[in-house]
Amino acid sequence: MVVATFTNEQTVDWKKPQNEKILRGKIAEIQSEFSRHYPLIIGGQPIYSEKEIPSYNPSNHKQILGYSSQATRRDIEEAVVYAWKAFEKWKSKTSQERADYLFKAADVIRKRKPELVAWHVMEAGKNWVESDGEINEAIDFLEMYARKAMEMEKDVDLIKQPGIDNKLQYLPLGVGVIIPPWNFPFAILTGMTAGAIVTGNTVLVKPSSVTPIIASKFMEIMAEINLPDGVVNFVPGSSKEIGDFMVGHRDINFISFTGSKEAGVHIDEVAHKKIEKQRWIKRVITEMGGKDGIVVDESADLEAAAKAIVVSAFGFQGQKCSAGSRAIIHENVYEPLIEEIISRTKDLTQGSPVDNCEIGPVIDRSSFAKISQYIEVGKKEAVLACGGETDDSVGYFIEPTIFIDAPADSRIMKEEIFGPVLAICKVSSVQEGIQVFNNTEYGLTGSLFTKNRDHMEYAQKNMVCGNLFFNGKCTGAVVGVQPFGGYYMSGTGAKTGSLDYLKHFVQSKTISENL
């Protein structure tokens, strides 16, 4: 089979009248599903549990979007059994056969894109552009990983010796647990799951409790492409009830997690505690948080820098692990750049994503409370220059907030807030700026605005981050273009959207035959 060269999925301009009509129609249409109950999927069978939780619209937190069944430990035990049963046949398929399922899923997602965008608007609180980008990323993961998996099956370049036939094979790990986040509830779920199954593994997927319906739509797509029963088992549930139980389970080989630093570190600890009759050391793949930022030197294009800072800080309300929540600015351009940043921030529209406002709600009451507390901390540590108002009377809305003159060692400069809060710090040189940038426990994304080639070279060697951008925003890494992932407390360095990522889900076996 000849597979076309990979190209990134193109965005849809939802502001065009014909596209806007389609999307608004879908937003209205899915409201007829708001009373629906969503099951677990174990071994291909839907299971409706007695315990359910509602999913709420973050723009209108009194509006229930649906009800998600909750898995018990007994359900997890059953899912593990089904996953291992499915693994025996799934691992024997060729990479081409497994890749075909991913290609089919990508085609289905393209057809269902307006519906999926509508669900992101309602359940995740994303505007149309952010929602479209997420669906594109999911498609890109499927298309990229399908192709890369087929590459892995080709002969590895080993040293040849007379009289010996050597080959190296990549074999699946077995059964794993996939724990995706709420902020990219479709794209990251799709990417994590696709990477695991296309390499021959079977999985249990535990979605976020605040975006379970979007995750259920992924399972509908798996059914639509006739993915064999038990390859992906869907087990939403309470982390307290089933989280540690899954991660520490004797018959789980690997855990792939994206989420907070606290949860990721805890998962790593639980996973690596050996229990009786456990035959392998679990592999843990984590992508956690970030305290990312943009450094601006005195030679920079200030208009471009201001635009990138605002987009990086406030896109999707700052609820991205790559969000540029810090701006570190050279003293010679500090005042004029701050004016431009504040001006652009005040021009942002805020309101319901249904109306395609640039700034929507934060995800839930817990996030609203945490971000509100950080704003109070910021008022004590720095100067409030913009925003700071919060309102949860209808939805969880927080104004884009800017603090200036933030000390380098302040909490708002070092701790991940995960909301629409930007801290700005003044420095006297690019070297000092990069030192301030590095002064966190994270290492995910960063950007430097400069026209100075020496400063770029210095940043390449000294800025501690997995993804470094020059003269651009620090968010929006594109599949296959900028493989994404960081280190330190940002995770284990798995580079999503690349061949390297797939190798986290396999083990290598060398076979030598004396001729």
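The values are calculated or read from the model by the stated rules, or taken from the named source; none is laboratory data. Please read these numbers as outputs of a predicted model, since none were measured by experiment. All Cβ positions, even for glycine, are placed from backbone atoms using ideal geometry, and neighbour counts span all protein chains on display.
Whether a residue is hydrophobic (A, V, I, L, M, F, W, C), free of Cβ contacts under 8 Å to residues at least 24 places away in the same chain and either surrounded by 19 or more Cβ atoms within 10 Å (Cβ to Cβ) or not assigned by TED's automatic domain parsing to the domain that holds Y396 (or both) was assessed, and I197 does not pass this test. Residue check: I42 meets all listed conditions (1) in contact (Cβ under 8 Å) with a residue 24 or more places away in the chain; (2) more than 26 Å from the chain's Cα centre (by Cα) but one, namely (2). The single condition among (1) touching a helix residue (DSSP H, G or I) at 6+ places or on another chain (Cβ under 7 Å); (2) in a helix (DSSP H, G or I) that D454 does not meet is (1). Of the candidates S429, S393, S447, the single residue that is surrounded by fewer than 18 Cβ atoms within 10 Å (Cβ to Cβ) and closer than 20 Å to G472 by Cα is S429. One residue alone among F418, F403 is at positive phi and either in contact (Cβ under 8 Å) with a residue 12 or more places away in the chain or hydrophobic (A, V, I, L, M, F, W, C) (or both), and that residue is F418.
Every condition in (1) touching a helix residue (DSSP H, G or I) at 6+ places or on another chain (Cβ under 6 Å); (2) over 20 Å from A124 (Cα atoms); (3) of a type in the set (V, I, T) is met by I214 except one, and the failing one is (2).
The residue that is surrounded by the most Cβ atoms within 10 Å (Cβ to Cβ), counting only those in the range 308-334 that are assigned to a loop (DSSP other than H, G, I, E, B) and either touching a residue at least 60 places away in the same chain (Cβ under 8 Å) or touching a Lys or Arg at 6+ places or on another chain (Cβ under 6 Å) (or both), is A323.
For E143, are the conditions met, namely being assigned to a helix (DSSP H, G or I) and within 28 Å of K167 (Cα to Cα)? So E143 fits the description; yes. The listed residues are V177, V205, V231, and the only one of them that is over 29 Å from A323 (Cβ atoms) and aliphatic (A, V, I, L, M) turns out to be V231. If you filter the range 335-348 down to residues that are surrounded by fewer than 23 Cβ atoms within 10 Å (Cβ to Cβ) and in contact with a strand residue (DSSP E or B) (Cβ under 7 Å, 6 or more places away or on another chain), you find that the one that is farthest from I371 (Cα to Cα) is L337. Consider R250 carefully, then state whether it is outside any helix (DSSP H, G or I), over 26 Å from the mean Cα position of the chain (by Cα) and farther than 25 Å from G191 by Cβ. The answer is yes for R250. Taken as a whole, the condition of being within 18 Å of A124 (Cα to Cα) and hydroxyl-bearing (S, T, Y) does not apply to S49. Scanning the range 287-307 for residues that are assigned to a loop (DSSP other than H, G, I, E, B) and in contact with a Gly (Cβ under 9 Å, 6 or more places away or on another chain) yields a total of 4.
In the set A71, A124, only one residue is farther than 24 Å from A146 by Cβ and in contact with a Leu (Cβ under 6 Å, 6 or more places away or on another chain); that residue is A71.
The single condition among (1) within 30 Å of I359 (Cβ to Cβ); (2) out of contact with any Ser or Thr (no Cβ under 8 Å at 6 or more places or on another chain) that G66 does not meet is (2). When the range 48-93 is filtered for residues that are touching an Asp or Glu at 6+ places or on another chain (Cβ under 7 Å), within 28 Å of V175 (Cβ to Cβ) and of a type in the set (A, V, I, L, M), the ones remaining, listed by number, are V80, A86. Of all residues in the range 479-506, those satisfying the criterion of being in contact with a Pro (Cβ under 8 Å, 6 or more places away or on another chain) and surrounded by 16 or more Cβ atoms within 10 Å (Cβ to Cβ) are K495, T496, G497, S498, Y501, F505, V506. The set of residues in the range 217-247 that are more than 21 Å from the chain's Cα centre (by Cα) and under 19 Å from T199 (Cα atoms) comprises I225, N226, L227, P228, D229, G230, V231. For the range 265-282, taking the residues that are touching a Ser or Thr at 6+ places or on another chain (Cβ under 9 Å) and surrounded by fewer than 23 Cβ atoms within 10 Å (Cβ to Cβ), the one that is nearest to K503 (Cα to Cα) is identified as D268. The residues of the range 217-259 that are surrounded by fewer than 24 Cβ atoms within 10 Å (Cβ to Cβ), of a type in the set (S, T, Y) and either touching a residue at least 40 places away in the same chain (Cβ under 8 Å) or not assigned by TED's automatic domain parsing to the domain that holds P185 (or both) amount to a single one, S238. Residues being in contact with a strand residue (DSSP E or B) (Cβ under 6 Å, 6 or more places away or on another chain), under 27 Å from N332 (Cα atoms) and hydroxyl-bearing (S, T, Y): count how many of those fall in the range 280-320. Residues in the range 280-320 being in contact with a strand residue (DSSP E or B) (Cβ under 6 Å, 6 or more places away or on another chain), under 27 Å from N332 (Cα atoms) and hydroxyl-bearing (S, T, Y): 1 in total. A Cβ distance below 8 Å, combined with a sequence gap of six or more or placement on separate chains, defines the contacts here; from the range 502-515, residues that are within 24 Å of T286 (Cα to Cα) reach residues that are part of a helix (DSSP H, G or I) and not small (G, A, S) in the pairs L502/Y145; L502/K148; L502/M152; L502/V198; K503/M152; V506/M152. Looking only at residues in the range 160-198 that are among the β-branched types (V, I, T) and touching a Lys or Arg at 6+ places or on another chain (Cβ under 8 Å), the one that is nearest to F245 (Cα to Cα) is V177.
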